[in-house]
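> Quick one: structure below, then a few questions.
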Amino acid sequence: MLDAIIPWQRNYKYLGVTLDKNLHFRDHIERVRNTALFYKARLGAVLGRKSKLSRRNKRTIYKMCIRTVMTYASPIFAHAAPKALHRLQVIQNKFCRAATDAHWCVRNSILHKDLELPTISKYMKDASKRFFDIAGLHPNALLRAAVDYQPPHPTHLIRRPRNVLTDPPDALTAAVESLNDVNDMHD
């Protein structure tokens, strides 16, 4: 450009989302994970096992400070590899265990139910659904056309953001939902 050599970039950060050549979002998820761990460490005394805050207040601080960092622009990268997204779920699992001061033998699904927190994949799926619903009703025809497509078949090699809406829930999400269903039946 203007007789200047432009260096090739493997990834680029744009509007807080790190984009790579193939849109795998591994670098983005790793950066988000490190940022969330940084905030979790800074808030460790407030959110930790020996904190005097109530579980409700711990949950509120987590939702406002840490989960927002992890799920910013989640409709864009929610279709990333499950292994990469699982790394974000591990952070939420550790928070749940520390906030409730639970032993190692207590299942993560029970901790999520007690704190009334959806799993990261469930939260991202709901955010994606809201995003596609809002964008589909937008007055701009170009925006409506961008989100109005049929996702490829789930076994297709190329995944697009709308695939998240048709994906089956992961094991933890299914366990939390089944616990919630059981509790709803007994109420």
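The values are calculated or read from the model by the stated rules, or taken from the named source; none is laboratory data. In this text, all values refer to a predicted model and were calculated from it rather than measured experimentally. Every residue, glycine as well, gets a Cβ built from its backbone with ideal geometry; the counts of neighbours run over all protein chains shown. Areas reflect the complete protein model, heavy atoms only, side chains present, ligands, DNA and RNA absent. Shrake-Rupley method; radii C 1.70, N 1.55, O 1.52, S 1.80 Å.
> Could you list, in sequence order, all residues of the stretch 55-84 that are open to solvent by less than 80 Å² (accessible area, probe 1.4 Å) and charged (D, E, K, R)?
Of everything in the stretch 55-84, those that are open to solvent by less than 80 Å² (accessible area, probe 1.4 Å) and charged (D, E, K, R) turn out to be 58, 59, 63, 67.
> Which of (1) within 16 Å of the chain's Cα centre (by Cα); (2) crowded, with 17+ Cβ neighbours inside 10 Å; (3) not hydroxyl-bearing (Ser, Thr, Tyr) does residue 94 not meet, given it meets every other one?
Every condition holds for residue 94 apart from (2).
> Follow-up. Given the condition of a type in the set (A, V, I, L, M, F, W, C), within 23 Å of residue 72 (Cα to Cα), at pLDDT below 90 and not in a loop (DSSP other than H, G, I, E, B), answer yes or no: does some residue in the stretch 150-170 qualify?
Yes, because at least one residue in the stretch 150-170 is of a type in the set (A, V, I, L, M, F, W, C), within 23 Å of residue 72 (Cα to Cα), at pLDDT below 90 and not in a loop (DSSP other than H, G, I, E, B).
> For the stretch 137-149, what are the residues that are assigned to a helix (DSSP H, G or I), in contact with a helix residue (DSSP H, G or I) (Cβ under 9 Å, 6 or more places away or on another chain) and either open to solvent by 70 Å² or more (accessible area, probe 1.4 Å) or without any contact (Cβ under 8 Å) to a residue 12 or more places away in the chain (or both)?
So the first thing to find is which residues in the stretch 137-149 are assigned to a helix (DSSP H, G or I), and the list is 141-147.
Within this subset, residues satisfying the condition of being in contact with a helix residue (DSSP H, G or I) (Cβ under 9 Å, 6 or more places away or on another chain) are 143-144, 146-147.
Across the stretch 137-149, the qualifying residues are 143, 144, 146.
> Looking at 94, 52, 63, 83, can you tell me which residue is out of contact with any Lys or Arg (no Cβ under 9 Å at 6 or more places or on another chain), basic (Lys, Arg) and farther than 30 Å from residue 146 by Cβ?
None of the other options fit; the residue is 52.
Matching residues to (1) within 16 Å of residue 98 (Cα to Cα); (2) in contact with a helix residue (DSSP H, G or I) (Cβ under 7 Å, 6 or more places away or on another chain):
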{"site": "12", "(1), (2)": "no, no"}
{"site": "16", "(1), (2)": "no, no"}
{"site": "23", "(1), (2)": "no, no"}
{"site": "37", "(1), (2)": "yes, yes"}
{"site": "41", "(1), (2)": "yes, no"}
{"site": "44", "(1), (2)": "yes, no"}
{"site": "56", "(1), (2)": "yes, no"}
{"site": "64", "(1), (2)": "no, no"}
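> Select from the stretch 1-17 the residues that are of a type outside the set (Val, Ile, Thr), open to solvent by 70 Å² or more (accessible area, probe 1.4 Å) and part of a loop (DSSP other than H, G, I, E, B) and list them in ascending order. Before you say what the answer is, go through the steps one by one.
Step one: of the stretch 1-17, the residues of a type outside the set (Val, Ile, Thr) are 1-4, 7-16.
Now narrow it down to the ones that are open to solvent by 70 Å² or more (accessible area, probe 1.4 Å): 1-3, 7-10, 12-15.
Selection gives 1, 2, 3, 7, 8, 9, 10, 15.
> Continuing with this model, one more query. Is it the case that the stretch 18-25 has a residue that's within 18 Å of residue 82 (Cβ to Cβ), of a type outside the set (Asp, Glu), touching a residue at least 12 places away in the same chain (Cβ under 8 Å) and open to solvent by 70 Å² or more (accessible area, probe 1.4 Å)? Can you show your working first?
Filtering the stretch 18-25 for residues within 18 Å of residue 82 (Cβ to Cβ) gives 20, 22-25.
Next, only the ones that are of a type outside the set (Asp, Glu) stay: 22-25.
Adding the requirement that they be touching a residue at least 12 places away in the same chain (Cβ under 8 Å) leaves 24-25.
Next, only the ones that are open to solvent by 70 Å² or more (accessible area, probe 1.4 Å) stay: 24.
Yes, the stretch 18-25 contains a residue that is within 18 Å of residue 82 (Cβ to Cβ), of a type outside the set (Asp, Glu), touching a residue at least 12 places away in the same chain (Cβ under 8 Å) and open to solvent by 70 Å² or more (accessible area, probe 1.4 Å).
> In addition: Do any residues in the stretch 31-54 that are under 15 Å from residue 72 (Cβ atoms) and open to solvent by 70 Å² or more (accessible area, probe 1.4 Å) have Cβ atoms under 8 Å from those of residues that are assigned to a helix (DSSP H, G or I) and not polar (S, T, N, Q), where the two are at least six apart or on different chains, and which pairs are they?
39/65; 39/66; 39/69
> Here's another thing I want to ask about it. Do you know which residues across the stretch 1-40 are farther than 18 Å from residue 89 by Cβ and of a type in the set (Gly, Ala, Ser)?
Within the stretch 1-40, 4, 16 meet the criteria.
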